[in-house]
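One structure is given below, encoded as structure tokens.
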């Protein structure tokens, strides 16, 4: 599928990895619907990108909110060819701390946003992809999800986060198998340490200790590098049903 002319809904599109995806897609002739709760950043980005972008204030955990964003995208651009799921949170919490067991509200919130939210966008966007005229390869659309290295090597305090991201990895192949009959591909990216707002609260000491664990390059990933892989996934029809690690070779330690 060519990026030029591709209409993508991008959850978490107002900042970090999602923002980089929106920028790269529009720069390459695509169109982006920025799905995010952060209204000021989302509107600012949409204004900067011009007519090729719209902002839809969206709570990915809400069926009504996601459906409204998808409907608005269809009204504005007439089609949806790609869904890029970048919305996520990573609140750390131990299962047992000095305050007692982890509150289930914490666990539920992380699962709802990272896992349920991803499914919510997939199902609503894919329904519209079915209406697309297939290209020469018989392709109608592509879904790109965001997992994490924590899906495989979660650290202490990441039980909720790791469970949510492992869920994204786990549903990638079953959905790809189901959507194959429709000409829709499904691929997940598992990024490692990327310089995004999610890690913005780290002290420099913590950042450097994490960077030291990387093989090469010895730095955090940059959001445009994530967006480059999203572009390749959209363009390369042989990428399907797979989770791709994008992490500089890092394998996280227990803490």
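Against the conditions (1) under 18 Å from residue 150 (Cα atoms); (2) out of contact with any helix residue (DSSP H, G or I) (no Cβ under 9 Å at 6 or more places or on another chain), residue 235 satisfies every one except (1). As a summary of the residue check, residue 252 satisfies the conditions (1) out of contact with any strand residue (DSSP E or B) (no Cβ under 8 Å at 6 or more places or on another chain); (2) closer than 28 Å to residue 156 by Cβ; (3) part of a helix (DSSP H, G or I) except for the one numbered (3).
Mind checking whether some residue in the stretch 31-53 is in a loop (DSSP other than H, G, I, E, B), touching a strand residue (DSSP E or B) at 6+ places or on another chain (Cβ under 8 Å) and crowded, with 24+ Cβ neighbours inside 10 Å?
no
Residue 111 fulfils the conditions (1) over 15 Å from residue 9 (Cβ atoms); (2) touching a helix residue (DSSP H, G or I) at 6+ places or on another chain (Cβ under 6 Å); (3) outside any helix (DSSP H, G or I) except for a single criterion, (3).
Applying the criterion of being at pLDDT 95 or above and over 15 Å from the mean Cα position of the chain (by Cα) to the residues of the stretch 233-252, the residue that is surrounded by the most Cβ atoms within 10 Å (Cβ to Cβ) is 240. Residue 61 satisfies every condition listed in (1) surrounded by fewer than 24 Cβ atoms within 10 Å (Cβ to Cβ); (2) outside any loop (DSSP other than H, G, I, E, B) except (2). Do we have any residue at all in the stretch 199-218 that's more than 30 Å from residue 83 (Cβ to Cβ), exposed (fewer than 15 other Cβ atoms within 10 Å of the Cβ) and touching a helix residue (DSSP H, G or I) at 6+ places or on another chain (Cβ under 8 Å)? Yes; the residues of the stretch 199-218 include at least one that is more than 30 Å from residue 83 (Cβ to Cβ), exposed (fewer than 15 other Cβ atoms within 10 Å of the Cβ) and touching a helix residue (DSSP H, G or I) at 6+ places or on another chain (Cβ under 8 Å). Among the residues of the stretch 143-171, those identified as under 24 Å from residue 129 (Cβ atoms) and either modelled with pLDDT under 95 or more than 13 Å from the chain's Cα centre (by Cα) (or both) are 167, 170, 171.
For the stretch 1-19, the candidate set comprises residues that are in a loop (DSSP other than H, G, I, E, B) and touching a strand residue (DSSP E or B) at 6+ places or on another chain (Cβ under 7 Å); within that set, the residue that is surrounded by the most Cβ atoms within 10 Å (Cβ to Cβ) is 13.
So which residues in the stretch 20-30 are closer than 18 Å to residue 72 by Cα and not in a helix (DSSP H, G or I)? Across the stretch 20-30, the qualifying residue is only 30.
The values are calculated or read from the model by the stated rules, or taken from the named source; none is laboratory data. Just so it is clear, the model here is predicted, and its values are computed rather than measured. Here Cβ is always computed from backbone atoms with ideal geometry, including for glycine, and neighbour counts include all displayed protein chains.
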